[in-house]
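For reference, the structure is listed below as structure tokens.
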Ligand code: NAD
């Protein structure tokens, strides 16, 4: 990968705030630095918004709402479709940009462009399908009309781990529904969103419909926006503790919210599983995005009779991984996002080992430059280990043996989270029982990745509120009105 190509791309990425159709410097000219986690080098310096900048973004979204919400659905859909087409033309640029600022291997970044793009295509088609109902009331004394209306200006906050897909998963349904938005990407990986908003501009985005700000003081800039009565919706993807804080802020104004929060996915392998399928599924569910996914399998709950064989096979695969900067050919494991992530993975593994778990490969950080942690397998993890309760968010595969189906269910559900579960069994009835017994909003039955723009993504319990994608996704940005009229 030529350095030239990277610097040419970085030069094309805007470094300002996008407010009311203009790229602007931050109030006072403040900036923040964006790093490449594989090298530790600064790749770009961008605007660092103040609370005043954030408010200006909300002003613009509020001013643009009346006209955008009245724009014909077909036109809104066509804007998204043009954005989808432009993204296909620029897909290599977006993939490289994500690898630079976030660290994921280029092949995975390409996968994210494909996945993220599908939200544009899906919701470009959904805009024209917003529907209502009309009919007699049961008494025959009047006509009932049920209609759907855009909720209003929305505030979208996204995490650093899927810089493109988390943005399109929110922006596309919001725009399809007729909402205007202010989006705040994570300060660790803001460049992809800035470049994507430029793409929307090129696709013909009207002024004020999408506004973006980047900041190193997220709390201070976001809270006044969330508490402003002109804001009608907050959609957040990130950690559960931050989600809780934002829900508290949203409560005083009864603000509508969607919350896509943390996960602690169980990956259950029964003794009747096809072990080849389970091992392949485990590699995807665990090591995709270097383990930094809310859907990442966190606990491998494996029947005792196959646990050793499963551990042997996954260890062999992990030992074959190439580690390095994501732009290098064949790399499967890039850097973690920062030093804190490396420290967290180290602490969780050390705690598990101190309670009797065994490391079969990895188990240590890798000397810099960059923030790398060796892909790791730990077996025989004991109850009470922190790794079973915390989101690992790193390339550590932790195996807990179990004896009975009831044990597997109990261990799998023993978490505050409920985003996704994975189950491997060749027994259909057992698979069906797991659908009914596992407390998660999504499930992979004999597959290791479930995400799809056409499916309702979201969690139970502390993993969140609401759904993104699928037919459900657009309803997060619509509100229902019922009208009664006399009979004609
Ligand atoms: P995070 O909660 O630290 O940050 C998420 C976003 O919130 C970032 O943009 C951050 O700048 C912003 N933020 C932080 N504090 C804020 C505050 N006080 N006010 C307003 N904004 C604030 O999470 P992260 O580390 O960026 O992302 C990782 C987390 O996200 C993990 O817990 C992961 O499971 C979760 N996640 C969930 C999903 C999902 O769909 N359920 C998808 C991806 C990531």
With R₀ set to 51 angstrom, the calculated FRET efficiency between the beta-carbons of residue 482 and residue 207, to the nearest 0.05, is 0.90
Expected sort for 148-154, 311-317 on mean C-beta neighbours within 10 Å, highest first, is 148-154, 311-317
Taking the Cα centroid of the range 175-205 and of the range 64-125, what is the distance between the two, rounded to the nearest whole Å? 9
For the chain, take the longest principal axis of its alpha carbons; what is the angle in degrees between that and the long axis of helix 3-12, to the nearest 10 within 0 to 90? 30
Pseudo-spin-label distance residue 403 to residue 230, built 7 Å along Cα→Cβ, given in nm, is 6.4
Taking a ≥ b ≥ c as the square roots of the eigenvalues of the Cα gyration tensor of the range 151-265, is the shape rounded (a/c under 1.5), prolate (a/b larger than b/c) or oblate? oblate
Classify the chain: rounded, prolate or oblate, from the alpha-carbon gyration tensor (a ≥ b ≥ c, eigenvalue square roots; a/c under 1.5 rounded; otherwise prolate if a/b is larger than b/c)? oblate
Note: residue 350 to residue 435 extended length (0.36 nm per residue) minus current alpha-carbon separation gives 27.2 nm
Please give, to one decimal in nm, the separation of the simple spin-label points placed at residue 309 and residue 128, each 7 Å out from Cα toward the Cβ. 5.3
When the helices in the chain are scored as -39500 (n - 2.57) per DSSP H run of 4 or longer and the sum is shared across all residues, what 222 nm value do you end up with, to the nearest 500 deg cm²/dmol? -12500 deg cm²/dmol
Please arrange 421, 462, 222 by how many other C-beta atoms lie within 10 Å of their C-beta, fewest to most. 462, 222, 421
Could you give the length gained on full extension between residue 460 and residue 252, defined as 0.36 nm per residue of separation minus the Cα-Cα distance, in nm? 72.5 nm
Protection proxy (average C-beta count within 10 Å per residue), highest first, orders 2-8, 214-220, 394-400, 463-469 as 394-400, 463-469, 214-220, 2-8
Gained length - residue 365 relative to residue 136, 0.36 nm times residue gap less alpha-carbon distance: 75.7 nm
Rel. contact order, % - alpha carbon contacts under 8 angstrom, at least six apart, the chain: 18
Which residues in the range 374-399 place their backbone N less than 14 Å from a point set 7 Å from the Cα of residue 358 along the Cα-to-Cβ direction? 377-382, 399
Sorted from fewest to most neighbouring beta carbons within 10 Å, what does the list 145, 333, 323 look like? 145, 323, 333
Can you give me the distance in nm between label points at residue 277 and residue 146, each placed 7 Å from the Cα along the Cα-to-Cβ direction? 3.8
Considering only DSSP beta bridges with both partners in the chain, what is the antiparallel share in %, to the nearest 5? 45
Whole-Å distance, taken between Cα centres, linking the range 424-466 and the range 8-22: 39
Within 10 Å of each residue's Cβ, count the other Cβ atoms and sort 10, 234 from fewest upward. 10, 234
Here the FRET efficiency for residue 452 versus residue 322, based on Cβ atoms and R0 = 35 Å and rounded to 0.05, is 0.80
Everything considered on the Cα gyration tensor (a ≥ b ≥ c; rounded for a/c under 1.5, else prolate if a/b is larger than b/c, else oblate), the range 196-252 must be described as prolate
Apply 1/(1 + (r/R0)^6) to the Cβ-Cβ distance of residue 107 and residue 24, taking R0 = 22 Å, and write down the FRET efficiency to the nearest 0.05. 0.05
For helix 240-251, report the angle its Cα long axis makes with the longest principal axis of the Cα atoms of the chain; keep it between 0 and 90° and round to the nearest 10°. 20
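A short reminder: the numbers here are calculations on the coordinates, not readings from a lab. Model, not experiment: these values are computed from the prediction. Neighbour counts are summed over all protein chains in view; Cβ atoms, including those assigned to glycine, are modelled from backbone coordinates with ideal geometry.
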